[in-house]
1. On the basis of being within 23 Å of Ser303 (Cβ to Cβ) and touching a residue at least 60 places away in the same chain (Cβ under 8 Å), does Val447 make the cut?
2. More than 26 Å from Asn209 (Cα to Cα) and surrounded by fewer than 17 Cβ atoms within 10 Å (Cβ to Cβ): does that describe Gly385?
3. Looking at this structure, is Pro332 crowded, with 17+ Cβ neighbours inside 10 Å and either in contact with a strand residue (DSSP E or B) (Cβ under 7 Å, 6 or more places away or on another chain) or in the same structural domain as Met228 (by TED's automatic domain parsing) (or both)?
4. Which number in (1) assigned to a strand (DSSP E or B); (2) open to solvent by 20 Å² or more (accessible area, probe 1.4 Å) marks the one condition that Glu100 misses?
5. Quick one: which residue in Leu223, Leu195, Leu203 is more than 16 Å from the ligand (Cβ to nearest atom), out of contact with any helix residue (DSSP H, G or I) (no Cβ under 7 Å at 6 or more places or on another chain) and not in a loop (DSSP other than H, G, I, E, B)?
6. Answer yes or no as to whether Ser197 is of a type outside the set (A, V, I, L, M), over 19 Å from Arg296 (Cα atoms) and free of Cβ contacts under 8 Å to residues at least 24 places away in the same chain.
7. From Ala494, Ala464, which residue is within 16 Å of the ligand (Cβ to nearest atom) and either at pLDDT below 90 or of a type in the set (A, V, I, L, M, F, W, C) (or both)?
8. Cβ-Cβ under 7 Å, sequence separation 6+ or interchain: first residue in region 138-157 and under 18 Å from Ala128 (Cα atoms), partner part of a loop (DSSP other than H, G, I, E, B) and β-branched (Val, Ile, Thr). Which pairs?
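The values are calculated or read from the model by the stated rules, or taken from the named source; none is laboratory data. The structure presented is a predicted model; accordingly, all values stated were derived computationally and were not measured. Glycine also receives a Cβ, built like all others from the backbone with ideal geometry; neighbour counts cover every protein chain displayed. Just the protein is used for accessible areas: all its heavy atoms, side chains included, with ligands, DNA and RNA removed. Shrake-Rupley method; radii C 1.70, N 1.55, O 1.52, S 1.80 Å.
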Amino acid sequence: MLGLMQDWPLLCHKVLDHAARQHPRRKLISYTDDACVESNYAELRAQALRVAQRLTAEGVRPGERVATLAANGARHLAVWYGALGMGAVYHPLNPRLFPEQVAYIINHAGDRLLFVDPAYVPLLESLADRLTEVRRVVVLCDAARMPPTRLPGAIDYETWLAQVDGDFEWVRVDENAAAGLFYTSGTTGPPKGVLYSHRSIVLLSLTANAPDVYGLSARDVVLMAVPMYHANGWSWPFTVPMAGASLILPGSRLDGASLCEIASRHGATVSGGVPTVWQGFLDHTAKTGLRAPALRRLFIGGSPCPEVMLRAFAQDHGIEVIHVWGMTEMGPTGSACTPTPETAALDGPGRIAWQQRQGRVPFLVELKLADDAGQALPWDDQATGNLNVRGPCIVRRYFGAGDAPLLDDDGYFDTGDVGTIDGNGFIRITDRAKDLIKSGGEWISSVALENVAMMHPAVQEAAAIAVRHPRWDERPLMALVLKPGATLTQPELAEHLATRVPKWWLPDAVVFVEALPHTATGKLDKRRLREHYAGLLLTSGNKI
Ligand code: ADP
(Lines give C-alpha, C1' and ligand atoms only; values in the text may rest on other atoms or scores of the structure.)
Protein backbone atom coordinates (compact mmCIF):
# COMPACT_ATOMS: atom_id res chain seq x y z
CA MET A 1 0.00 0.00 0.00
CA LEU A 2 1.32 3.42 -0.90
CA GLY A 3 1.12 6.51 1.28
CA LEU A 4 -1.49 9.06 0.40
CA MET A 5 0.58 12.22 0.36
CA GLN A 6 1.14 14.50 -2.62
CA ASP A 7 3.51 13.52 -5.36
CA TRP A 8 5.83 16.48 -5.38
CA PRO A 9 9.23 15.93 -7.02
CA LEU A 10 12.21 17.49 -5.28
CA LEU A 11 13.26 20.00 -7.95
CA CYS A 12 15.98 22.62 -7.56
CA HIS A 13 13.98 25.46 -9.10
CA LYS A 14 11.34 24.97 -6.39
CA VAL A 15 13.95 26.46 -4.05
CA LEU A 16 13.89 29.70 -6.01
CA ASP A 17 10.07 29.72 -6.10
CA HIS A 18 10.08 29.45 -2.32
CA ALA A 19 12.70 32.17 -1.81
CA ALA A 20 10.94 34.57 -4.20
CA ARG A 21 7.55 34.07 -2.57
CA GLN A 22 8.51 33.75 1.09
CA HIS A 23 11.60 35.94 1.28
CA PRO A 24 11.11 38.67 -1.33
CA ARG A 25 12.81 41.31 0.81
CA ARG A 26 16.05 39.46 1.43
CA LYS A 27 18.88 40.90 -0.59
CA LEU A 28 20.94 39.44 -3.38
CA ILE A 29 24.09 41.53 -3.69
CA SER A 30 26.31 40.88 -6.67
CA TYR A 31 29.73 42.25 -7.59
CA THR A 32 31.07 42.40 -11.12
CA ASP A 33 34.50 43.80 -11.98
CA ASP A 34 33.17 47.36 -12.05
CA ALA A 35 29.88 47.41 -10.14
CA CYS A 36 27.90 46.21 -7.14
CA VAL A 37 24.25 45.48 -7.97
CA GLU A 38 21.57 44.92 -5.35
CA SER A 39 18.46 42.88 -6.14
CA ASN A 40 16.39 40.12 -4.50
CA TYR A 41 15.16 36.57 -5.02
CA ALA A 42 12.01 37.68 -6.86
CA GLU A 43 14.15 39.49 -9.44
CA LEU A 44 16.50 36.52 -9.68
CA ARG A 45 13.53 34.24 -10.37
CA ALA A 46 12.18 36.56 -13.07
CA GLN A 47 15.61 36.57 -14.72
CA ALA A 48 15.99 32.79 -14.45
CA LEU A 49 12.61 32.30 -16.15
CA ARG A 50 13.85 34.39 -19.06
CA VAL A 51 17.06 32.37 -19.21
CA ALA A 52 15.01 29.14 -19.29
CA GLN A 53 12.81 30.54 -22.07
CA ARG A 54 15.82 31.77 -24.04
CA LEU A 55 17.66 28.45 -23.66
CA THR A 56 14.58 26.69 -25.00
CA ALA A 57 14.49 29.06 -27.97
CA GLU A 58 18.19 28.35 -28.50
CA GLY A 59 17.35 24.67 -28.98
CA VAL A 60 18.92 23.41 -25.77
CA ARG A 61 17.58 19.95 -25.04
CA PRO A 62 16.64 18.43 -21.66
CA GLY A 63 19.72 16.83 -20.13
CA GLU A 64 22.07 18.95 -22.24
CA ARG A 65 24.96 20.53 -20.34
CA VAL A 66 25.06 24.33 -20.17
CA ALA A 67 28.55 25.43 -19.16
CA THR A 68 29.61 28.48 -17.17
CA LEU A 69 33.09 29.93 -16.76
CA ALA A 70 32.44 32.68 -14.25
CA ALA A 71 32.98 34.06 -10.77
CA ASN A 72 30.18 34.29 -8.18
CA GLY A 73 27.55 36.67 -9.51
CA ALA A 74 23.79 37.14 -9.98
CA ARG A 75 23.86 36.52 -13.75
CA HIS A 76 25.83 33.33 -13.16
CA LEU A 77 23.23 32.19 -10.62
CA ALA A 78 20.35 33.05 -12.98
CA VAL A 79 21.98 30.82 -15.61
CA TRP A 80 22.12 27.91 -13.12
CA TYR A 81 18.47 28.24 -12.17
CA GLY A 82 17.39 28.94 -15.76
CA ALA A 83 19.13 25.79 -17.01
CA LEU A 84 17.62 23.75 -14.18
CA GLY A 85 14.15 25.16 -14.82
CA MET A 86 14.05 23.99 -18.44
CA GLY A 87 15.50 20.54 -17.78
CA ALA A 88 19.13 21.19 -18.75
CA VAL A 89 22.22 20.62 -16.57
CA TYR A 90 24.36 23.49 -15.31
CA HIS A 91 28.06 22.77 -15.66
CA PRO A 92 30.44 25.23 -13.97
CA LEU A 93 34.07 25.22 -15.08
CA ASN A 94 36.94 26.15 -12.79
CA PRO A 95 38.95 28.88 -14.59
CA ARG A 96 41.96 28.21 -12.38
CA LEU A 97 42.56 24.74 -13.76
CA PHE A 98 45.30 24.30 -16.33
CA PRO A 99 43.89 25.44 -19.72
CA GLU A 100 44.34 21.94 -21.20
CA GLN A 101 42.17 20.56 -18.38
CA VAL A 102 39.47 23.18 -19.05
CA ALA A 103 39.44 22.18 -22.75
CA TYR A 104 39.37 18.47 -21.85
CA ILE A 105 36.41 18.99 -19.49
CA ILE A 106 34.40 21.09 -21.98
CA ASN A 107 34.82 18.41 -24.65
CA HIS A 108 34.25 15.51 -22.28
CA ALA A 109 31.00 17.08 -21.01
CA GLY A 110 29.88 17.82 -24.59
CA ASP A 111 29.20 21.48 -23.77
CA ARG A 112 27.66 23.33 -26.74
CA LEU A 113 26.60 26.53 -25.02
CA LEU A 114 28.94 28.39 -22.72
CA PHE A 115 28.39 31.46 -20.49
CA VAL A 116 31.59 33.32 -19.68
CA ASP A 117 32.64 36.35 -17.61
CA PRO A 118 34.37 39.04 -19.71
CA ALA A 119 37.53 38.42 -17.65
CA TYR A 120 37.72 34.80 -18.89
CA VAL A 121 37.15 35.53 -22.60
CA PRO A 122 40.93 35.47 -23.30
CA LEU A 123 41.22 32.05 -21.60
CA LEU A 124 38.41 30.69 -23.73
CA GLU A 125 39.88 32.22 -26.89
CA SER A 126 43.18 30.48 -26.19
CA LEU A 127 41.29 27.15 -26.18
CA ALA A 128 38.88 27.91 -29.03
CA ASP A 129 40.48 25.69 -31.69
CA ARG A 130 40.42 22.69 -29.36
CA LEU A 131 36.72 22.94 -28.46
CA THR A 132 34.89 20.44 -30.60
CA GLU A 133 31.24 21.15 -29.80
CA VAL A 134 30.87 24.71 -28.53
CA ARG A 135 28.64 26.62 -30.94
CA ARG A 136 27.54 29.63 -28.89
CA VAL A 137 29.31 31.76 -26.27
CA VAL A 138 27.27 34.21 -24.19
CA VAL A 139 29.40 36.81 -22.40
CA LEU A 140 28.00 37.73 -18.96
CA CYS A 141 27.82 41.51 -19.49
CA ASP A 142 25.76 44.13 -21.33
CA ALA A 143 26.37 45.39 -24.87
CA ALA A 144 28.45 48.35 -23.67
CA ARG A 145 30.95 46.07 -21.92
CA MET A 146 31.09 43.37 -24.58
CA PRO A 147 34.75 42.70 -25.42
CA PRO A 148 35.68 42.22 -29.07
CA THR A 149 35.94 38.49 -29.68
CA ARG A 150 35.69 35.90 -32.44
CA LEU A 151 34.40 33.15 -30.21
CA PRO A 152 31.63 31.15 -31.95
CA GLY A 153 28.23 32.84 -31.85
CA ALA A 154 29.50 35.39 -29.32
CA ILE A 155 26.84 37.69 -27.90
CA ASP A 156 26.46 39.69 -24.70
CA TYR A 157 24.07 38.27 -22.09
CA GLU A 158 21.69 41.24 -21.91
CA THR A 159 21.16 41.33 -25.69
CA TRP A 160 20.77 37.54 -25.76
CA LEU A 161 18.17 37.72 -22.98
CA ALA A 162 16.31 40.72 -24.40
CA GLN A 163 14.89 38.48 -27.11
CA VAL A 164 12.38 36.88 -24.69
CA ASP A 165 9.71 38.19 -22.31
CA GLY A 166 9.89 35.70 -19.42
CA ASP A 167 6.47 34.21 -20.08
CA PHE A 168 7.60 30.70 -19.27
CA GLU A 169 6.71 27.89 -16.88
CA TRP A 170 9.31 25.67 -15.30
CA VAL A 171 9.49 22.24 -16.83
CA ARG A 172 8.49 19.44 -14.44
CA VAL A 173 11.29 16.90 -14.76
CA ASP A 174 11.78 13.71 -12.79
CA GLU A 175 13.48 14.41 -9.47
CA ASN A 176 16.18 11.93 -10.42
CA ALA A 177 16.97 13.85 -13.62
CA ALA A 178 20.52 15.18 -13.95
CA ALA A 179 20.84 18.75 -12.63
CA GLY A 180 24.48 19.83 -12.12
CA LEU A 181 27.82 18.53 -13.38
CA PHE A 182 31.11 19.16 -11.53
CA TYR A 183 34.53 17.81 -12.31
CA THR A 184 37.07 17.05 -9.60
CA SER A 185 40.26 18.99 -10.06
CA GLY A 186 42.18 16.00 -11.32
CA THR A 187 44.79 15.72 -8.61
CA THR A 188 44.78 11.98 -9.35
CA GLY A 189 44.58 11.47 -13.11
CA PRO A 190 42.19 13.18 -15.53
CA PRO A 191 39.32 15.20 -14.03
CA LYS A 192 36.26 13.09 -13.19
CA GLY A 193 32.66 14.27 -13.63
CA VAL A 194 30.21 14.04 -10.74
CA LEU A 195 26.63 14.39 -11.96
CA TYR A 196 24.16 15.57 -9.30
CA SER A 197 20.40 15.04 -9.63
CA HIS A 198 17.67 17.49 -8.61
CA ARG A 199 16.81 15.16 -5.78
CA SER A 200 20.39 14.88 -4.48
CA ILE A 201 20.86 18.67 -4.53
CA VAL A 202 17.58 19.40 -2.74
CA LEU A 203 18.17 16.68 -0.14
CA LEU A 204 21.73 17.82 0.45
CA SER A 205 20.70 21.47 0.76
CA LEU A 206 18.11 20.49 3.38
CA THR A 207 20.37 18.24 5.38
CA ALA A 208 23.33 20.61 5.16
CA ASN A 209 21.25 23.35 6.71
CA ALA A 210 20.48 21.38 9.85
CA PRO A 211 21.29 23.39 13.01
CA ASP A 212 24.44 21.31 13.57
CA VAL A 213 25.77 21.98 10.08
CA TYR A 214 25.25 25.42 8.47
CA GLY A 215 22.15 26.30 10.47
CA LEU A 216 21.35 29.36 8.31
CA SER A 217 18.22 31.42 8.89
CA ALA A 218 16.41 34.40 7.40
CA ARG A 219 18.36 36.56 9.88
CA ASP A 220 21.67 35.70 8.22
CA VAL A 221 23.58 37.60 5.58
CA VAL A 222 25.86 35.10 3.84
CA LEU A 223 29.04 36.20 2.09
CA MET A 224 29.79 33.47 -0.42
CA ALA A 225 33.58 33.26 -0.54
CA VAL A 226 33.44 29.71 -1.93
CA PRO A 227 33.45 29.89 -5.73
CA MET A 228 30.25 28.57 -7.31
CA TYR A 229 32.42 26.42 -9.58
CA HIS A 230 33.98 24.61 -6.63
CA ALA A 231 32.03 21.53 -5.52
CA ASN A 232 28.55 23.02 -6.17
CA GLY A 233 29.57 26.13 -4.22
CA TRP A 234 29.20 23.94 -1.10
CA SER A 235 25.46 23.89 -2.05
CA TRP A 236 25.09 27.50 -0.84
CA PRO A 237 23.38 28.66 -4.09
CA PHE A 238 20.48 26.44 -2.90
CA THR A 239 20.87 26.31 0.88
CA VAL A 240 20.97 30.10 1.31
CA PRO A 241 17.78 30.95 -0.68
CA MET A 242 16.06 27.93 0.89
CA ALA A 243 16.77 29.44 4.32
CA GLY A 244 15.72 32.89 3.12
CA ALA A 245 19.06 34.41 4.12
CA SER A 246 20.49 37.35 2.15
CA LEU A 247 23.29 36.36 -0.21
CA ILE A 248 26.38 38.33 -1.22
CA LEU A 249 28.17 37.14 -4.37
CA PRO A 250 31.56 38.89 -4.35
CA GLY A 251 32.65 38.20 -7.94
CA SER A 252 36.37 37.56 -8.07
CA ARG A 253 37.03 39.77 -5.01
CA LEU A 254 38.30 37.04 -2.73
CA ASP A 255 41.42 38.82 -1.45
CA GLY A 256 41.57 39.66 2.25
CA ALA A 257 41.01 43.41 1.86
CA SER A 258 37.93 42.96 -0.35
CA LEU A 259 36.40 40.27 1.86
CA CYS A 260 36.79 42.45 4.94
CA GLU A 261 35.38 45.50 3.19
CA ILE A 262 32.43 43.66 1.62
CA ALA A 263 31.59 41.81 4.86
CA SER A 264 31.59 45.07 6.86
CA ARG A 265 29.70 47.09 4.28
CA HIS A 266 26.79 44.64 4.00
CA GLY A 267 26.81 43.28 7.56
CA ALA A 268 27.67 39.69 6.61
CA THR A 269 26.98 37.35 9.54
CA VAL A 270 28.25 34.10 7.99
CA SER A 271 30.91 33.18 5.48
CA GLY A 272 33.14 30.28 4.58
CA GLY A 273 35.79 28.98 2.27
CA VAL A 274 39.18 27.32 2.04
CA PRO A 275 41.89 28.22 4.57
CA THR A 276 44.05 30.07 2.00
CA VAL A 277 41.28 32.61 1.35
CA TRP A 278 40.77 33.24 5.07
CA GLN A 279 44.51 33.51 5.66
CA GLY A 280 44.34 36.54 3.35
CA PHE A 281 41.62 38.02 5.56
CA LEU A 282 43.69 37.42 8.71
CA ASP A 283 46.82 38.97 7.15
CA HIS A 284 44.87 42.04 6.07
CA THR A 285 43.09 42.56 9.38
CA ALA A 286 46.30 42.02 11.38
CA LYS A 287 48.01 44.69 9.29
CA THR A 288 45.22 47.27 9.28
CA GLY A 289 43.39 46.57 12.55
CA LEU A 290 40.13 46.47 10.55
CA ARG A 291 37.30 44.11 11.50
CA ALA A 292 34.06 42.74 10.03
CA PRO A 293 31.95 43.36 13.13
CA ALA A 294 28.79 41.45 12.19
CA LEU A 295 30.67 38.32 11.12
CA ARG A 296 29.92 35.62 13.73
CA ARG A 297 30.38 32.24 12.05
CA LEU A 298 32.91 31.06 9.53
CA PHE A 299 32.84 27.62 7.87
CA ILE A 300 36.35 26.60 6.91
CA GLY A 301 37.12 23.45 4.94
CA GLY A 302 38.35 22.06 1.66
CA SER A 303 41.72 21.55 3.40
CA PRO A 304 42.52 21.06 7.08
CA CYS A 305 42.01 24.28 9.02
CA PRO A 306 45.34 25.08 10.72
CA GLU A 307 45.37 25.46 14.49
CA VAL A 308 46.85 28.97 14.26
CA MET A 309 43.87 30.05 12.17
CA LEU A 310 41.35 28.73 14.69
CA ARG A 311 43.18 30.61 17.42
CA ALA A 312 43.46 33.88 15.48
CA PHE A 313 39.74 33.99 14.66
CA ALA A 314 38.74 33.18 18.24
CA GLN A 315 41.15 35.56 19.96
CA ASP A 316 41.41 38.51 17.57
CA HIS A 317 37.96 38.50 16.00
CA GLY A 318 35.55 36.66 18.32
CA ILE A 319 34.46 34.66 15.28
CA GLU A 320 33.41 31.04 15.70
CA VAL A 321 35.18 28.85 13.15
CA ILE A 322 33.32 25.68 12.25
CA HIS A 323 35.53 23.15 10.54
CA VAL A 324 33.76 21.37 7.66
CA TRP A 325 34.80 18.45 5.50
CA GLY A 326 33.48 17.13 2.22
CA MET A 327 34.26 16.52 -1.40
CA THR A 328 32.75 16.96 -4.85
CA GLU A 329 31.71 13.29 -4.79
CA MET A 330 29.67 13.93 -1.62
CA GLY A 331 27.62 16.77 -2.99
CA PRO A 332 29.86 18.12 -1.23
CA THR A 333 28.98 18.43 2.48
CA GLY A 334 30.33 15.56 4.57
CA SER A 335 30.65 16.79 8.14
CA ALA A 336 30.79 19.83 10.40
CA CYS A 337 32.42 20.31 13.78
CA THR A 338 29.56 21.72 15.84
CA PRO A 339 29.32 20.95 19.56
CA THR A 340 27.49 18.21 21.43
CA PRO A 341 26.56 18.65 25.11
CA GLU A 342 29.90 17.00 25.95
CA THR A 343 32.00 19.46 23.97
CA ALA A 344 29.97 22.68 24.25
CA ALA A 345 31.64 23.75 27.48
CA LEU A 346 35.21 23.23 26.27
CA ASP A 347 37.41 26.27 26.60
CA GLY A 348 40.95 27.41 25.69
CA PRO A 349 43.37 24.83 24.26
CA GLY A 350 40.88 21.98 24.77
CA ARG A 351 38.39 23.78 22.56
CA ILE A 352 40.98 24.52 19.85
CA ALA A 353 42.08 20.85 19.84
CA TRP A 354 38.46 19.75 19.48
CA GLN A 355 37.74 22.31 16.72
CA GLN A 356 40.50 20.78 14.61
CA ARG A 357 38.36 17.70 14.14
CA GLN A 358 36.30 17.60 10.97
CA GLY A 359 33.14 16.91 12.98
CA ARG A 360 30.08 14.72 12.61
CA VAL A 361 28.11 13.68 9.54
CA PRO A 362 24.52 14.90 9.20
CA PHE A 363 21.55 12.64 8.45
CA LEU A 364 21.82 11.06 4.95
CA VAL A 365 25.54 10.40 5.21
CA GLU A 366 26.56 6.99 6.53
CA LEU A 367 30.16 6.42 7.51
CA LYS A 368 32.39 3.38 7.68
CA LEU A 369 35.93 3.39 8.95
CA ALA A 370 37.69 0.53 7.20
CA ASP A 371 41.10 -1.09 6.98
CA ASP A 372 42.71 -1.75 3.59
CA ALA A 373 40.81 -5.03 3.27
CA GLY A 374 37.51 -3.18 3.75
CA GLN A 375 36.90 -4.53 7.28
CA ALA A 376 35.19 -2.13 9.69
CA LEU A 377 37.38 -0.59 12.40
CA PRO A 378 36.16 0.59 15.83
CA TRP A 379 35.12 4.17 16.52
CA ASP A 380 37.51 4.61 19.43
CA ASP A 381 39.50 7.68 18.31
CA GLN A 382 42.56 5.40 18.00
CA ALA A 383 42.04 3.06 15.05
CA THR A 384 43.10 4.83 11.86
CA GLY A 385 41.52 3.78 8.61
CA ASN A 386 39.93 4.74 5.31
CA LEU A 387 36.81 6.89 5.51
CA ASN A 388 34.03 5.36 3.42
CA VAL A 389 30.65 7.00 2.88
CA ARG A 390 27.27 6.16 1.39
CA GLY A 391 23.97 7.98 1.01
CA PRO A 392 21.51 9.48 -1.48
CA CYS A 393 23.72 12.54 -2.17
CA ILE A 394 26.93 10.56 -2.77
CA VAL A 395 28.36 9.58 -6.16
CA ARG A 396 27.44 6.17 -7.60
CA ARG A 397 29.39 6.38 -10.85
CA TYR A 398 31.42 9.05 -12.66
CA PHE A 399 29.95 10.78 -15.73
CA GLY A 400 31.06 9.28 -19.03
CA ALA A 401 33.41 6.84 -17.37
CA GLY A 402 31.71 3.57 -18.29
CA ASP A 403 30.54 0.98 -15.81
CA ALA A 404 33.71 0.70 -13.76
CA PRO A 405 32.54 -0.17 -10.22
CA LEU A 406 33.17 2.65 -7.80
CA LEU A 407 31.51 1.34 -4.64
CA ASP A 408 32.21 -1.66 -2.42
CA ASP A 409 29.73 -4.50 -1.97
CA ASP A 410 27.85 -2.55 0.70
CA GLY A 411 27.55 0.54 -1.50
CA TYR A 412 30.30 2.55 0.21
CA PHE A 413 32.49 5.05 -1.65
CA ASP A 414 36.10 5.35 -0.48
CA THR A 415 36.83 9.07 0.00
CA GLY A 416 40.60 8.63 -0.15
CA ASP A 417 40.85 10.29 3.26
CA VAL A 418 42.38 8.59 6.25
CA GLY A 419 41.44 9.25 9.86
CA THR A 420 39.82 8.21 13.12
CA ILE A 421 36.29 8.45 14.52
CA ASP A 422 35.56 8.85 18.22
CA GLY A 423 32.72 7.43 20.29
CA ASN A 424 30.57 10.50 19.60
CA GLY A 425 31.04 10.15 15.84
CA PHE A 426 33.60 12.97 15.48
CA ILE A 427 35.91 12.45 12.52
CA ARG A 428 39.57 13.42 12.68
CA ILE A 429 41.25 13.32 9.28
CA THR A 430 44.93 12.60 9.58
CA ASP A 431 45.71 12.85 5.88
CA ARG A 432 44.74 12.07 2.34
CA ALA A 433 45.83 8.50 1.74
CA LYS A 434 48.18 9.60 -1.02
CA ASP A 435 49.79 12.35 1.10
CA LEU A 436 50.75 10.16 4.05
CA ILE A 437 54.46 9.60 4.51
CA LYS A 438 55.45 5.98 5.06
CA SER A 439 58.67 5.76 7.01
CA GLY A 440 60.00 2.33 7.96
CA GLY A 441 56.50 0.88 7.71
CA GLU A 442 54.97 3.54 9.99
CA TRP A 443 52.79 6.42 8.87
CA ILE A 444 53.59 10.10 9.41
CA SER A 445 50.74 12.57 8.98
CA SER A 446 51.81 15.38 6.68
CA VAL A 447 48.90 17.48 8.00
CA ALA A 448 50.03 17.17 11.62
CA LEU A 449 53.61 18.13 10.71
CA GLU A 450 52.40 21.18 8.77
CA ASN A 451 50.12 22.25 11.59
CA VAL A 452 52.94 22.22 14.09
CA ALA A 453 55.35 24.03 11.75
CA MET A 454 52.75 26.75 11.19
CA MET A 455 52.54 27.36 14.92
CA HIS A 456 56.03 28.91 14.71
CA PRO A 457 55.60 32.70 14.52
CA ALA A 458 58.01 32.99 11.55
CA VAL A 459 56.14 30.49 9.34
CA GLN A 460 53.54 31.64 6.85
CA GLU A 461 52.83 28.32 5.15
CA ALA A 462 54.23 24.80 5.35
CA ALA A 463 54.03 21.67 3.23
CA ALA A 464 55.35 18.23 4.18
CA ILE A 465 55.80 15.58 1.51
CA ALA A 466 57.35 12.14 1.20
CA VAL A 467 60.70 11.76 -0.54
CA ARG A 468 62.57 8.55 -1.19
CA HIS A 469 65.04 7.22 1.36
CA PRO A 470 67.26 4.14 0.85
CA ARG A 471 66.68 2.76 4.33
CA TRP A 472 63.25 4.05 5.44
CA ASP A 473 61.51 4.03 2.00
CA GLU A 474 60.14 7.51 2.58
CA ARG A 475 61.08 10.39 4.83
CA PRO A 476 59.47 13.84 5.22
CA LEU A 477 60.72 16.87 3.38
CA MET A 478 59.33 20.17 4.56
CA ALA A 479 58.97 23.22 2.33
CA LEU A 480 58.38 26.50 4.16
CA VAL A 481 57.33 30.01 3.25
CA LEU A 482 58.35 32.51 5.91
CA LYS A 483 56.39 35.61 6.87
CA PRO A 484 57.71 38.83 5.28
CA GLY A 485 60.88 39.94 7.07
CA ALA A 486 61.00 36.85 9.33
CA THR A 487 63.99 34.56 9.67
CA LEU A 488 64.22 30.95 10.78
CA THR A 489 67.17 28.58 10.80
CA GLN A 490 66.93 24.83 10.45
CA PRO A 491 68.05 24.20 14.08
CA GLU A 492 65.42 26.66 15.31
CA LEU A 493 62.76 24.81 13.36
CA ALA A 494 64.03 21.44 14.60
CA GLU A 495 63.84 22.70 18.19
CA HIS A 496 60.30 23.94 17.66
CA LEU A 497 59.12 20.66 16.13
CA ALA A 498 60.99 18.35 18.52
CA THR A 499 58.84 19.26 21.51
CA ARG A 500 55.61 18.76 19.59
CA VAL A 501 55.94 15.66 17.38
CA PRO A 502 57.65 12.26 17.82
CA LYS A 503 61.36 12.47 17.11
CA TRP A 504 61.17 10.11 14.12
CA TRP A 505 58.70 12.50 12.44
CA LEU A 506 61.29 15.29 12.18
CA PRO A 507 61.82 16.18 8.51
CA ASP A 508 65.06 14.95 6.98
CA ALA A 509 65.23 18.04 4.81
CA VAL A 510 63.86 21.56 4.96
CA VAL A 511 63.69 23.96 2.05
CA PHE A 512 62.78 27.62 2.27
CA VAL A 513 60.79 28.79 -0.75
CA GLU A 514 59.16 32.05 -1.85
CA ALA A 515 55.79 30.44 -2.53
CA LEU A 516 54.17 27.01 -2.50
CA PRO A 517 52.13 25.66 -5.42
CA HIS A 518 48.34 25.58 -4.99
CA THR A 519 45.65 23.71 -6.90
CA ALA A 520 42.80 25.38 -8.77
CA THR A 521 40.72 25.16 -5.62
CA GLY A 522 43.34 26.91 -3.49
CA LYS A 523 44.73 23.81 -1.76
CA LEU A 524 48.39 22.94 -1.36
CA ASP A 525 49.42 21.10 -4.52
CA LYS A 526 51.49 18.30 -3.04
CA ARG A 527 51.52 16.35 -6.27
CA ARG A 528 53.49 19.14 -7.93
CA LEU A 529 55.81 19.37 -4.96
CA ARG A 530 56.39 15.62 -5.07
CA GLU A 531 57.13 15.81 -8.80
CA HIS A 532 59.55 18.65 -8.18
CA TYR A 533 61.50 16.71 -5.55
CA ALA A 534 61.07 13.31 -7.19
CA GLY A 535 64.76 13.06 -8.07
CA LEU A 536 65.89 13.65 -4.52
CA LEU A 537 67.20 10.70 -2.54
CA LEU A 538 67.57 11.58 1.11
CA THR A 539 70.27 9.96 3.19
CA SER A 540 70.73 10.04 6.92
CA GLY A 541 73.40 12.68 6.45
CA ASN A 542 70.98 15.51 5.69
CA LYS A 543 68.70 15.17 8.71
CA ILE A 544 67.82 18.51 10.31
P1 ADP B 1 39.69 18.29 -5.13
O2 ADP B 1 39.90 16.80 -5.06
O3 ADP B 1 39.60 18.83 -6.43
O4 ADP B 1 40.51 19.07 -4.15
P5 ADP B 1 37.38 18.43 -3.50
O6 ADP B 1 37.04 19.80 -3.10
O7 ADP B 1 36.28 17.51 -3.79
O8 ADP B 1 38.21 18.54 -4.74
O9 ADP B 1 38.35 17.88 -2.40
C10 ADP B 1 37.95 16.96 -1.45
C11 ADP B 1 39.08 16.62 -0.55
O12 ADP B 1 39.55 17.78 0.16
C13 ADP B 1 38.71 15.66 0.54
O14 ADP B 1 38.69 14.33 0.09
C15 ADP B 1 39.79 15.91 1.58
O16 ADP B 1 40.99 15.23 1.26
C17 ADP B 1 40.04 17.39 1.43
N18 ADP B 1 39.33 18.12 2.49
C19 ADP B 1 38.19 18.80 2.39
N20 ADP B 1 37.86 19.37 3.57
C21 ADP B 1 38.82 19.02 4.45
C22 ADP B 1 39.06 19.29 5.84
N23 ADP B 1 38.27 20.05 6.56
N24 ADP B 1 40.15 18.74 6.40
C25 ADP B 1 40.99 17.95 5.70
N26 ADP B 1 40.84 17.69 4.39
C27 ADP B 1 39.76 18.21 3.77
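1. Yes, satisfied.
2. no
3. Yes.
4. Going through the list (1) assigned to a strand (DSSP E or B); (2) open to solvent by 20 Å² or more (accessible area, probe 1.4 Å), Glu100 breaks only (1).
5. Residue meeting the stated conditions: Leu203.
6. yes
7. Result: Ala464 is the single residue among Ala494, Ala464 that is within 16 Å of the ligand (Cβ to nearest atom) and either at pLDDT below 90 or of a type in the set (A, V, I, L, M, F, W, C) (or both).
8. Pro152/Val134
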